[in-house]
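The values are calculated or read from the model by the stated rules, or taken from the named source; none is laboratory data. Everything quoted here is computed from the prediction, not taken from an experiment. Cβ coordinates were reconstructed from backbone atoms using ideal geometry, including for glycine residues, and neighbour counts include every protein chain displayed. The accessibility values were calculated without ligands, DNA or RNA, using every heavy atom of the protein model including side chains. Shrake-Rupley method; radii C 1.70, N 1.55, O 1.52, S 1.80 Å.
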Amino acid sequence: MSEFVVHSVPGSPFGRSVLIALEEKGAPYRLAALAPGDSKGAAHLARHPFGRVPVLEHDGFVLYETQAILRYLDRMLPEPALTPADVRQAARMDQVMNISDWYLFQGVCNVIIFQRIVGPQFFGTTTDEAAIARAMPQARAVIAELSRLLGEQPFMVGDHLSLADLQAAP
Ligand SMILES: N[C@@H](CCC(=O)N[C@@H](CS)C(=O)NCC(=O)O)C(=O)O
């Protein structure tokens, strides 16, 4: 099996989802670390026209978009399976992944984590408390819904780790 290369900024939640998948699969991989801001440089834009991380490189195949990467890895490396065989559990997994993309990251993480951590630490910006306050209602709604779906179980879906956990946990 040839090596998987993950181009990502260390700490990126999307990048971490991919790294967890590779760990779970026991696959040979390496993190090609980018500095914050490098995602908009020419070298990375050649891999990802929208200037985001992560990007996966595998045997000449280049793929971006975290959900696409996670599903590629799960099909390419079938053991252990990270997609439930049960149709309804698989649908629930897809739902959690989209909640994570559309409501948790967009409008919550990209505001609150940027304002509190990424901006001040890497770009020298000051925290916009009003932007955080505006994001809080959506943050509460998303956490409440993910908590409801998780219930008292250790995993988001069924009795096993799935791609839903890999995307929600980071
Ligand atoms: N839809 C993309 C989103 C990836 C994304 O937004 N990654 C963030 C880091 S967690 C990023 O690249 N931010 C850099 C930027 O916005 O310039 C995916 O699923 O891979």
Kindly work out what percent of the DSSP beta bridges joining two residues of the range 4-76 are antiparallel, to the nearest 5. 60
Given the options A90, A32, A131, which has the most mean-square fluctuation in a GNM of the chain, springs set between C-alpha atoms less than 10 angstrom apart? A131
With θ set to phi - 60°, apply the Karplus curve 6.51 cos²θ - 1.76 cosθ + 1.60 along the range 140-152 and write out the HN-Hα couplings as whole Hz, x wherever there is a Gly or Pro. 5, 5, 5, 5, 4, 6, 5, 5, 4, 5, 6, x, 9
For q values of 0.22, 0.26, 0.27 Å⁻¹, compute log₁₀ I(q)/I(0) with the Debye formula on a Cα-only model of the range 98-170, without solvent. -0.94, -1.12, -1.16
Considering only protein heavy atoms and a 1.4 Å probe, what is the carbon-and-sulfur percentage of the accessible area of the chain? 57
Which far-off residues, 5 or more places away or on another chain, put their amide H under 5 Å from the one on A32, with H placed in the peptide plane? V6, H7, S8
Compute the accessible area per residue over the chain, keeping the other protein chains in place, probe 1.4 Å, unit Å². 56
Percent RCO, i.e. relative contact order, over the range 4-76, from Cα pairs under 8 Å lying at least 6 residues apart: 38
Sequence-separation-based contact order of the chain, relative, with Cα cut under 8 Å and 6+ spacing, percent: 24
Backbone HN-Hα couplings from phi across the range 7-18 [Karplus 6.51/-1.76/1.60, Hz, Gly and Pro as x]: 8, 7, 8, x, x, 4, x, 5, x, 5, 4, 5
Could you state how much accessible area V87 has, in square angstrom rounded to the nearest 10, with a 1.4 Å probe and all protein chains kept in place? 120
The size of the Cβ-based charge dipole (Lys, Arg +1; Asp, Glu -1) of the chain about the Cα centre, to the nearest 20 debye, is 420
Square roots of five times the Cα gyration tensor eigenvalues for the chain, Å: 26, 24, 11
Cα-based Kirkwood hydrodynamic radius, the range 4-76, one decimal, Å: 12.0
Expected 222 nm ellipticity per residue - DSSP helices of 4 or more, -39500 (n - 2.57), all of the chain, to 500: -12500 deg cm²/dmol
I want the antiparallel fraction of DSSP beta bridges within the chain, as a percent rounded to 5. 60
